[in-house]
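The values are calculated or read from the model by the stated rules, or taken from the named source; none is laboratory data. Keep in mind the model is a prediction, meaning the values are calculated, not measured. For neighbour counting, all protein chains shown are included, and Cβ atoms are generated from backbone atoms with ideal geometry for every residue, glycine included.
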Amino acid sequence: MSKSHPQQWAIVTDDHRPDPASVAALAALPTTQLADCGGPVGIVGPGIRRMAGGGDFCGPALTVWTKPGDILYVLKAPDLARPGDVLVVDSGGRTDAAVLGDIVSGVLSRAGVVGTVVDGAIRDVDGIDEVGTPTFARAAHPATGSTEGPGAINVTVQVGGVVVHPGDVVRGDASGVVVVAREHLDEVVALARAVDDRETAWLATIRGGASLAAATGVDDVIREKRQGAGIELP
């Protein structure tokens, strides 16, 4: 875990938000299809999972870096939040000092924040459930963190092994969390829609009586692999 950041103490107020129409297009696609599309998609590591609130969100990242386990800049973050944002907190993966609880979650919700991703710990899980904001984190822990700093807002952070820039779009659902850079939004949407079309075709073929292996082309792949290995086909 990093105890420092090149921009520590910074509060960046530039407008990093992407085109709302592109965000809405991404929101219509599940994380599984985004992860499968072959495009430039960051897949957040499995250690970060849904801890409280709902399970589905999509929006531009309002990023916070904090010294692991410190809440000073998390408490400042709601002042910079806009409707539709997703709060992304890099707390260095520390799990024995919570950096978000139900009071902060409630204030963020009233500011319009639609989701929260914390590489670290949260607390007041029942209270966050009542607030309803989808909240993904590495752990829950009852003890709160320090209020000494340093921290930084709207700077580049890392969560679950994925680099997140302010305004990158963060999509979460029951399967996990993915991140798409602003400049790649339309490309990724197009690629993921192709995945959706392919899966829709598979289902139609299966409903028509084909086997799963035949519908997905697995039979053809196995045949080619066996031939390439010099295995005589029956």
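Restricting attention to region 91-130, the residues that are outside any loop (DSSP other than H, G, I, E, B) and either crowded, with 20+ Cβ neighbours inside 10 Å or among the polar types (S, T, N, Q) (or both) add up to 15. Looking at the structure I just gave you, is Val163 assigned by TED's automatic domain parsing to the domain that holds Gln33 and buried (at least 17 other Cβ atoms within 10 Å of the Cβ)? Against the criterion (assigned by TED's automatic domain parsing to the domain that holds Gln33 and buried (at least 17 other Cβ atoms within 10 Å of the Cβ)), Val163 does not qualify.
Against the definition (assigned by TED's automatic domain parsing to the domain that holds Leu34 and hydroxyl-bearing (Ser, Thr, Tyr)), how does Ser175 come out, yes or no? Spelling it out, Ser175 is indeed assigned by TED's automatic domain parsing to the domain that holds Leu34 and hydroxyl-bearing (Ser, Thr, Tyr). When residues of region 124-158 are filtered for being among the aliphatic types (A, V, I, L, M), under 21 Å from His16 (Cβ atoms) and in contact with a Lys or Arg (Cβ under 9 Å, 6 or more places away or on another chain), how many remain? Number satisfying all stated conditions: 1.
Of the residues making up region 9-24, those that are in a helix (DSSP H, G or I) and surrounded by 15 or more Cβ atoms within 10 Å (Cβ to Cβ) are Ser22, Val23.
The single condition from (1) in a helix (DSSP H, G or I); (2) closer than 26 Å to Ser91 by Cα; (3) hydrophobic (A, V, I, L, M, F, W, C) that Leu203 fails is (2). Figure legend. Inter-residue proximity from region 213-234: first residues farther than 17 Å from Glu199 by Cα, second residues at pLDDT below 90 and of a type in the set (Phe, Trp, Tyr), beta-carbon distance below 6 Å, spacing 6+ or different chains. No pairs are indicated. Does region 75-90 include one or more residues that are assigned by TED's automatic domain parsing to the domain that holds Glu183, surrounded by 23 or more Cβ atoms within 10 Å (Cβ to Cβ) and part of a helix (DSSP H, G or I)? Yes, some residue in region 75-90 is assigned by TED's automatic domain parsing to the domain that holds Glu183, surrounded by 23 or more Cβ atoms within 10 Å (Cβ to Cβ) and part of a helix (DSSP H, G or I).
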